[in-house]
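The values are calculated or read from the model by the stated rules, or taken from the named source; none is laboratory data. Just so it is clear, the structure is predicted and the values come from calculations on it, not from any experiment. Here the Cβ positions follow ideal geometry from the backbone for every residue, glycine too, while neighbour counts run over all protein chains shown.
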């Protein structure tokens, strides 16, 4: 039986990911069941920074919506960089994850006062790391990742027979899945995790071994999820 795909990301990101993952694959039932909704928040009044640090497409869109200026950007991941370019930002540097971006910023000449524009919930304290290294950094929470109740479509899929592939992109999304999908979700999924930290949190949801993306980015997640949907069960593969 062909696996189903359950996506719990915010609706717009889930739809983009589903399109990439299922392209050229036939017969994939995809259920988009967001457990988080992105809500832009007003930017505080401040002088334009010399550079802005953006770690996600959500940060790019929220910043661009609330700020007419387009300072140069330090971006986490190629997708964030591409979103920033599409909004008219120049890219000073991009790196695959937050730790690599911190190192890349510190390896460059100090651009002057920076702004880390971020969501309310983050996995890595970029601003704190840069301040500890002596850089002048302000911080602004420009969007919220508000929790949503589990959609009925997700609960129905979990209770039905068949394999379900569940990609998870952050420790918080794994915790939300555990907390909101109910007892029937435990041990139910073939899991694709963006990082070992996500895999550790999500372990109770797994019906077998968890595949971890070789790089913590969207492209790697597309690859491992496509493999799970089109090849042998992820549970039968060694953990990456």
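So here's what we get for this one:
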| quantity | calculated |
| --- | --- |
| Number of the exception - residue 65 against (1) in contact (Cβ under 8 Å) with a residue 60 or more places away in the chain; (2) within 21 Å of residue 82 (Cβ to Cβ) | (1) |
| Residue that is modelled with the lowest pLDDT, among those in region 11-29 that are under 24 Å from residue 176 (Cα atoms) and surrounded by 18 or more Cβ atoms within 10 Å (Cβ to Cβ) | 13 |
| Complete set of residues in region 44-71 that are farther than 18 Å from residue 129 by Cβ and within 22 Å of the chain's Cα centre (by Cα) | 57, 58, 60, 61, 62, 63, 64, 65, 66 |
| Residue 163 being more than 24 Å from residue 196 (Cα to Cα) and more than 19 Å from the chain's Cα centre (by Cα) | no |
| Residues (free of Cβ contacts under 8 Å to residues at least 40 places away in the same chain and over 19 Å from residue 188 (Cβ atoms)) located in region 4-41 | 11, 12, 15, 16, 18, 19, 23, 24, 26, 27 |
| Top-ranked residue in region 131-147 [being surrounded by 16 or more Cβ atoms within 10 Å (Cβ to Cβ) and out of contact with any helix residue (DSSP H, G or I) (no Cβ under 7 Å at 6 or more places or on another chain); ranked as nearest to residue 109 (Cα to Cα)] | 135 |
